[in-house]
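See structure below.
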Amino acid sequence: MDIISASAAARLIQDNWTVVPGGFGSCGHPDTLTEALRDRFEDTGHPRNLSLLFGAGAGDKAGRGIDVLARPGLVSRAIGGFWGLCPALAGMARDGELEAHNWPQGVVSKLFGIVAAGEPGLLTHVGLDTFVDPELEGGVIDSRSSRPLVEKVRFNGRSQLFYPAQRVDCALLRGTACDRDGNITFGEETSHMDALAQAQAAHNCGGIVIVQVKELLDGPVADYRDVKIPGFLVDYVVLAPANRHPQTYGTFFDPAYTGGAAGSAPEPRKTFPLAKRIVAHRAALELARHPRANVNLGIGIPALIGAQARALGLADFTLTVESGLVGGVPDEGLSFGAVRHPSAVIEQSALFDFYDGGGIDLAFLGFAQVDAGGNVNVSKFDGRIVGSGGFINISQSARHIVFCGTLTAGGLEVDIAGGRLRVLQEGRTCKFHAHVAQLTFNGRQAAAQGREVLYVTERAVFRLGAQRLELIELAPGIDVADIRRVVDCDFHVSPTLKPMSGFASIQAD
């Protein structure tokens, strides 16, 4: 292991390499390394034509994270799970400036281990009957109509998808501290993410592993159990400037993200639009119907549900976040991917093994579009490429699913007066359509499997019936005609239509 500068690390990366940029959500990205790589390219024009392989593309939607590498000529190909936090890179895909593939995040997460093991690829049911299926779009998201890399095969009499392994030439990772033997600890990182598997993949492909840390230890790591990337996998270490290694893009350091006891740091008080609070409140009530549930919370409104459940006094469940965190209260915004007071942390790929095998009892997920058949799109809409993230893994395996979102978007304002909901300003964009623009969740498939699926909005709650949306709850002050006026799809009205559960206890402060 050699300790080098960030610029020296950037000079090691060659044209046409496949690079794995570490991080998850708004956490754990080695900004010092990727910024040095960008600077070298802008100064010299090299390296060129890099390929990127990432699960949850790290970023802040404002240029940090993977978006630092979004330069024509620097990157020519990318395979990623979640693209929503790196809009510049997604924009290059949309505009045909790079070959781009969106694979389920859990698939990419597990693929690092597949690459490390020298296996040809991953065979799985995840992605069947969605846009990742080669019979639909094959996961291709660029406008150049690139050839799908995913194959559909028959194995033991069942259809499966085969995701081919990718050579990894370099892993750009991040840890907290490094000892004199190159052992990397993660004491102040929000989770382990996929760092170990990514390092093993690069090493076993004959590539290099470069790790950004905030501290160099004088001696060995005090407790070997703290080592998350062993030194024999690490080729180079770069010490980040003191102000260039934030825990998340929203918080420089908070002990609550690394298991600090409740009360060790003040809990942040955040306010959200009333419409979103109504959705989170109603959705959180589903936790009472599923005691001792293993729960996943997605990005957006679902990320608010942990705190909402705590406010309601609900505690008989275990929350998980795809980065490998268990327990505690997941955060959101520029700290998405972090959890306050987690009870355990495991490898991201291990948590996806649990998810894919049916371990989730209840999942709360967002939506961008819903159609009359109960199909959901979260991945590509309104000219934006967001990517599926872990949505496909989770929605195809969870026993019960609650989709959470407002009925319209873009300027929606509501109020509660006298216990009744009033729409002060309608959103500019309808989220319920005759057909979704991209199929990220297949309602027909879920209905055939007999799974319970709800769609919770601030005005109404729908459920997935026999391949058709069914209206089952309405907020006080709203009638069926009000809903029909603002949605672009048909739906069935339940003969037992009732007022929205828990609405009376929602505060309009």
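Work the Kirkwood hydrodynamic radius out for region 287-343: mean of 1/r over every pair of different alpha-carbon atoms, inverted, in Å.
Working: mean 1/r = 0.0894 Å⁻¹.
By the Kirkwood definition, the hydrodynamic radius is 11.2 Å.
Report Rg (one decimal) and Dmax (nearest whole number) for region 455-509, counting Cα atoms only, units Å.
11.5, 39
As a test of the definition: which semi-axes, in Å, follow for the chain when you take the square root of five times each eigenvalue of its alpha carbon gyration tensor? Largest first, please. Please report the intermediate quantities before stating the final value.
Details: eigenvalues 298, 132, 84 Å².
After diagonalising the Cα gyration tensor, the semi-axes are 39, 26, 20 Å.
Can you give me the accessible area per residue for region 168-296, using a 1.4 Å probe, in Å²? Display every interim value, and only then the final one.
Numbers: 5400 Å² over 129 residues.
Dividing the accessible area of region 168-296 by its residue count gives 42 Å².
Using Cα atoms only, what is the angle between the long axis of helix 105-116 and the major principal axis of the chain, expressed in degrees (0 to 90) to the nearest 10?
Around 30 degrees separate the two axes.
Sorted by average packing, counted as other Cβ atoms within 10 angstrom per residue and highest first, what order do 132-144, 190-202 take?
Numbers: 132-144: 19.2, 190-202: 27.5.
Result, highest mean first: 190-202, 132-144.
May I ask you to order 315-325, 453-463, 237-247 by the average number of other C-beta atoms within 10 Å around their residues, highest value first? Kindly include the intermediate steps, with their values, before the conclusion.
Details: 315-325: 22.2, 453-463: 24.2, 237-247: 16.7.
Going by the mean number of other Cβ atoms within 10 Å, highest first, we get 453-463, 315-325, 237-247.
May I ask you to order 397-404, 475-482 by the average number of other C-beta atoms within 10 Å around their residues, highest value first? Spell out each step's value before the answer.
Details: 397-404: 23.4, 475-482: 15.8.
Peptide ranking by packing, descending: 397-404, 475-482.
For region 9-67, report the % of Cα-Cα distances exceeding 13 Å. Each step should come with its number before you reach the end.
Working: 1022 of 1711 pairs.
Pairs farther apart than 13 Å: 60 percent.
Evaluate the Debye formula for region 73-120 with equal point scatterers sitting on the alpha carbons, no solvent, and hand back log10 of I(q)/I(0) at q = 0.22, 0.27, 0.29 Å⁻¹, in q order, two decimals.
Evaluating at q = 0.22, 0.27, 0.29 Å⁻¹ gives log10 I(q)/I(0) of -0.80, -0.97, -1.03.
Of the cross-linked pairs LYS61/LYS152; LYS276/LYS498; LYS61/LYS228, which ones have a Cα-Cα span greater than 25 Å in the structure shown?
Over 25 Å Cα-Cα: LYS61/LYS152; LYS61/LYS228.
What Kirkwood radius, in Å to one decimal, follows from the Cα pairs of region 356-441?
It works out to 14.3 Å.
Positive end of the charge dipole of the chain (Lys, Arg +1 and Asp, Glu -1 on Cβ, about the Cα centre): tell me which of VAL461, PHE112, HIS125 has its Cα farthest that way.
Sorting the options by dipole projection puts first VAL461.
With angles folded into 0 to 90 degrees, how steeply does helix 274-284 sit against the dominant principal axis of the chain? Use alpha carbons for both and round to 10.
That helix lies at roughly 90 degrees to the long axis.
Using only Cα atoms and rounding to the nearest 10 degrees, what angle (0 to 90) does helix 31-44 make with the longest principal axis of the chain?
Result, in degrees: 70.
Let me check I've understood the local charge: for ASN204, count other residues with C-beta under 14 angstrom from its C-beta, Lys and Arg +1, Asp and Glu -1. What total comes out? Don't skip to the answer; put the middle values down first.
Details: positive: ARG167; negative: GLU119, ASP169, ASP235.
Computed value for this residue: -2.
Of ALA434, LEU365, ILE301, which is farthest towards the positive pole of the chain's charge dipole, taken about the Cα centre with +1 and -1 on the beta-carbons of Lys, Arg and Asp, Glu respectively?
The listed residue farthest towards the positive side: ALA434.
Each residue of region 483-498 in order: what ³J(HN,Hα) in whole Hz does its phi give by Karplus 6.51 cos²θ - 1.76 cosθ + 1.60, θ = phi - 60°, with x for Gly and Pro?
5, 4, 5, 10, 10, 9, 9, 7, 7, 8, 9, 5, x, 10, 3, 9
Any idea what % of Cα-Cα pairs in region 27-129 are farther than 16 Å? Please list the in-between numbers first.
Numbers: 3124 of 5253 pairs.
For region 27-129, the share of Cα pairs beyond 16 Å comes to 59 percent.
What number, in percent, do you get for the relative contact order of the chain if the mean sequence gap of Cα pairs under 8 Å and at least 6 apart is divided by its residue count?
13 percent
Taking the alpha-carbon set of region 109-239, what are its Rg and Dmax in Å?
Gyration radius and largest Cα-Cα distance of region 109-239: 18.4, 58 Å.
Which value, in debye to the nearest 20, describes the size of the charge dipole of region 318-468 about its Cα centre when Lys and Arg Cβ atoms bear +1, Asp and Glu Cβ atoms bear -1, and nothing else is charged? Write out the running numbers ahead of the final one.
Working: 13 positive and 14 negative charges, 113 e Å.
Roughly 540 debye, rounded to the nearest 20.
Heavy-atom accessible area of LYS431 with all protein chains present, probe 1.4 Å, nearest 10 Å²?
Near enough 20 Å² of accessible area.
Å³ per residue of the Cα convex hull, for region 249-405?
125 Å³
Determine the distance separating the Cα centre of region 177-232 from the Cα centre of region 98-114; give it in Å without decimals.
22 Å
Given Cβ point charges of +1 (Lys, Arg) and -1 (Asp, Glu) and nothing else, what value in debye, to the nearest 20, does the dipole of the chain about its Cα centre take? Don't skip to the end; give the middle numbers.
Details: 46 positive and 55 negative charges, 224 e Å.
Charge dipole, the chain, about its Cα centre: 1080 debye, nearest 20.
Using all Cα-Cα distances in region 94-145, what percent lands in each 5 angstrom bin from 0 up to the longest?
Computed distribution, short to long bins: 5, 19, 22, 22, 18, 12, 3, 0.
With a probe of 1.4 Å, find how much accessible area region 1-126 has per residue, and write the answer as a whole number in Å².
Details: 3750 Å² over 126 residues.
Solvent-accessible surface per residue comes out at 30 Å².
The values are calculated or read from the model by the stated rules, or taken from the named source; none is laboratory data. Keep in mind that this is a model prediction, so the values were computed, not measured. Note that we place each Cβ from the backbone using ideal geometry, even for glycine, and neighbour counts take in every protein chain shown. Only protein heavy atoms, including side chains, enter the accessible area calculation; ligands, DNA and RNA are left aside. Shrake-Rupley method; radii C 1.70, N 1.55, O 1.52, S 1.80 Å.
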